[in-house]
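First up is the structure itself, then whatever we jot down about it.
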Amino acid sequence: MSPFRMLFREFFEQFFASESVTSDMRMRQAMIAVMAFMLTPGYMLAASSFTRFAAALALAPQTGEPLTRMFTTIFMGLSTVSISLIAAFAWEALTLDRRDAMVLGPLPISRATVVGAKLSAMGAFLLGACLAINLPTAVMFS
């Protein structure tokens with residue numbers, strides 16, 4: 001396994017670990033609770049407004065563009081706020097802490113590899129969160 005892939009996997013797993021939580025199971029439960037709290041408004045809004053959206057388009061097709069703009073604004077705002085909160089909570093895991101420096105310092109790995117793996121892990125984490133938040137709405141309205 002390449003050093004980049006190994007570092008990527010370890011850094012990605014750091015997003016789901018915390019030293020202040022007594023066990024990994026408690027951390028996962030907390031993450032699931034936060035994700036459920038963040039995802040519920042989008043799911044409920046999409047499910048409740050889909051039938052009204054379809055009925056409005058059937059009765060008056062000219063209302064399609066204003067309704068689409070309104071729903072786009074609502075869902076883009078919800079997505080932006082959700083991803084911003086997730087990024088704010090995960091921001092601390094993006095920095096290299098003392099333990100990382102002590103472990104990675106003596107190894108023959110370039111700084112670019114370490115920083116690239118750290119940024120790639122953050123990107124993958126946020127991409128997964130974006131997909132979880134936006135995919136159900138996109139499927140429902142497509």
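Annotation note: trypsin sites (Lys or Arg not before Pro) in the range 62-103 located in DSSP loop regions with a Cβ neighbour count of at most 10 within 10 Å are absent. Computed over the chain with a Gaussian network model linking Cα atoms closer than 10 Å, the most mobile of Ser49, Ser120, Ser82 is Ser49.
Based on Cα contacts under 8 Å between residues 6+ apart, the range 14-142 shows a relative contact order of 37 percent. 3J(HN,Hα) along the range 44-53, derived from phi through the Karplus expression 6.51 cos²θ - 1.76 cosθ + 1.60 where θ = phi - 60°, amounts to 5, 5, 5, 5, 7, 9, 4, 5, 5, 4 Hz, with x in place of Gly and Pro. Taken one residue at a time, the phi angles of the range 30-36 give Karplus couplings (6.51, -1.76, 1.60, θ = phi - 60°) of 5, 5, 5, 5, 5, 5, 5 Hz. Gly and Pro are set to x. On the range 1-106, 69 percent of the accessible area sits on carbon and sulfur atoms, based on a 1.4 Å probe. Solvent-accessible surface of the range 25-117, taken per residue with a 1.4 Å probe and all protein chains present: 71 Å².
For the chain, the Kirkwood hydrodynamic radius comes to 17.8 Å, computed from all pairs of different C-alpha atoms.
The simple spin-label model puts a point 7 Å past each Cα toward its Cβ; for Ala87 and Ala54 those points are separated by 3.5 nm. Report summary: the helix-based calculation at 222 nm, which adds -39500 (n - 2.57) for every DSSP H run with n ≥ 4 and divides by the residues of the chain, gives -29000 deg cm²/dmol. The GluC sites (Glu not before Pro) found in the range 1-100 that occupy coil by DSSP, while having at most 12 further C-beta atoms within 10 Å, are Glu19. For the range 102-112, the Karplus equation 6.51 cos²θ - 1.76 cosθ + 1.60, evaluated at θ = phi - 60°, returns couplings of 5, 7, 8, x, x, 6, x, 10, 6, 5, 4 Hz by residue, with Gly and Pro reported as x. On full extension, the segment bounded by Thr80 and Leu39 gains 13.5 nm, given 0.36 nm per residue less the C-alpha separation.
The values are calculated or read from the model by the stated rules, or taken from the named source; none is laboratory data. Bear in mind the structure is a predicted one, so any value in this text is a computation, not a measurement. All Cβ positions, even for glycine, are placed from backbone atoms using ideal geometry, and neighbour counts span all protein chains on display. The area values use the complete protein model at the heavy-atom level, side chains included, leaving out ligands, DNA and RNA. Shrake-Rupley method; radii C 1.70, N 1.55, O 1.52, S 1.80 Å.
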